[in-house]
Amino acid sequence: MHPLCIRFCALRRVNPSRDSGAGVIFTVAIDGPAAAGKGTIGRAIAARFGFAHLDTGLLYRAVGAKGGDPVQAAQSLTPGDLARDDLRTLAAGQAASVVAVDPEVRAALIAFQRRFARADGGAVLDGRDIGTVICPEAEVKLYVTASAETRAHRRWLEVGGDEARVLSDVVERDRRDSERAEAPLKRAADAHVIDTSALSAEAAVAVAVGLVEAALARGRG
Ligand code: C5P
């Protein structure tokens, strides 16, 4: 079993804050390009419905940051690797998208993500291939997007530096993520599109919450 699974699956079983979702297999899959607002929406949905949340981008960032053989890094990733404080930089994002092209790296991380998605209690995962590859059976699929300029501006507010450089970084990463052969970034046919270009974070979260509530109500049928 992957080292991440041993730790995260145990945490899911004992986390008392997740009691409200116990007995539910329900996955919210959130995909979209860099800095579109996937994380903000994912965290808000997880908090609102008592679901577990996995930022899958962090897995690839941690693999890229570890250095050495990326396949070995992916196979041996530990919770400590995900806790590094240098994973949010532009450089870590670029390194992540380079290792993410490798099918063997992706394969090493699939089982953990699938188990997380379908574990008892409900889960939200955000990334690039959640609705298409990791969990095509997800009860709710969201494709969160925004113009490249809007996304770069948001990322620039977080990381600072030269805004034009942040924009070219975002565009380059989107291109690599969309054009790769294995699990490219693309909207699942049944995903709801949320364009956050002209939405506040609160408004975007409200749209997503409405879609999850509707799906839960259909499930209770
Ligand atoms: O979401 P975030 O920007 O942290 O992701 C970093 C990189 O990890 C992405 O640019 C992408 O190359 C890769 N990634 C991926 N599949 C995912 C999540 C992230 O390929 N499910």
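The HN-Hα couplings worked out from phi for segment 45-53 by the Karplus form 6.51 cos²θ - 1.76 cosθ + 1.60 (θ = phi - 60°) are 5, 4, 5, 5, 9, x, 8, 7, 10 Hz, whole numbers, x standing for Gly and Pro. Based on DSSP H segments of at least four residues, each scored -39500 (n - 2.57), the chain has a per-residue ellipticity at 222 nm of -16500 deg cm²/dmol. Specify the residue with the greatest mean-square fluctuation among Val105, Val144, Val159, computed from a Gaussian network of the chain linking alpha-carbon atoms under 10 Å apart. Checking each option, the largest mean-square fluctuation is seen for Val159.
In sequence order, segment 61-78 has phi-based couplings of 4, 5, 5, x, 6, 5, x, x, 6, x, 5, 4, 4, 5, 6, 10, 4, 10 Hz under the Karplus curve 6.51 cos²θ - 1.76 cosθ + 1.60, θ = phi - 60°, and Gly or Pro positions carry x. About the centre of its Cα atoms, segment 105-221 shows a dipole size close to 380 debye [charges on the beta carbon of Lys, Arg (+1) and Asp, Glu (-1) only; nearest 20 debye].
Sorted largest first, the spans of the alpha carbon positions of segment 16-102 along the three principal axes are 42, 27, 23 Å.
Comparing Ala108, Ala52, Ala36 in a Gaussian network model of the chain where C-alpha atoms under 10 Å apart are linked, the largest mean-square fluctuation is found at Ala108. Overall, segment 110-168 carries a charge dipole of about 140 debye about its Cα centre when +1 sits on the Cβ of Lys and Arg and -1 on the Cβ of Asp and Glu, all other atoms neutral.
Remark: spin-label model distance Val193-Arg118 equals 3.0 nm, labels positioned 7 Å along the Cα→Cβ axis. When the Cα gyration tensor is reduced to axis lengths a ≥ b ≥ c, the ratio a/c is 1.5 or higher for segment 82-221, and with a/b not above b/c it is classed as oblate. List the relative contact order of segment 73-210 as a percent without decimals, with contacts defined as Cα pairs under 8 Å and 6+ residues apart. Relative contact order of segment 73-210: 29 percent. A dipole drawn for segment 68-221 from +1 and -1 charges on Cβ atoms has a positive end, and of Ala208, Gly80, Val101 the residue lying farthest that way is Ala208. On the basis of the beta-carbon distance and an R0 of 25 Å, Ala47 and Ala181 show a calculated FRET efficiency of 0.10. Considering only Asp162, Asp81, Asp195, the Gaussian network model of the chain with Cα springs below 10 Å gives its largest mean-square fluctuation to Asp162. The modelled label-to-label distance for the pair Ala206/Ala107, using points 7 Å beyond Cα in the direction of Cβ, is 4.7 nm. When +1 charges are put on Lys and Arg Cβ atoms and -1 charges on Asp and Glu Cβ atoms, the dipole computed for the chain relative to its Cα centre reaches about 540 debye.
Determine, from the Cβ-Cβ distance of Asp162 and Ser76 and an R0 of 30 Å, the FRET efficiency 1/(1 + (r/R0)^6), rounded to the nearest 0.05. Result of the calculation: an efficiency of 0.25.
Read-outs throughout are calculated quantities, based only on the coordinates presented, and are distinct from any laboratory measurement. Just so it is clear, the model here is predicted, and its values are computed rather than measured. All Cβ positions, glycine included, derive from the backbone under ideal geometry; neighbour counts span all protein chains shown.
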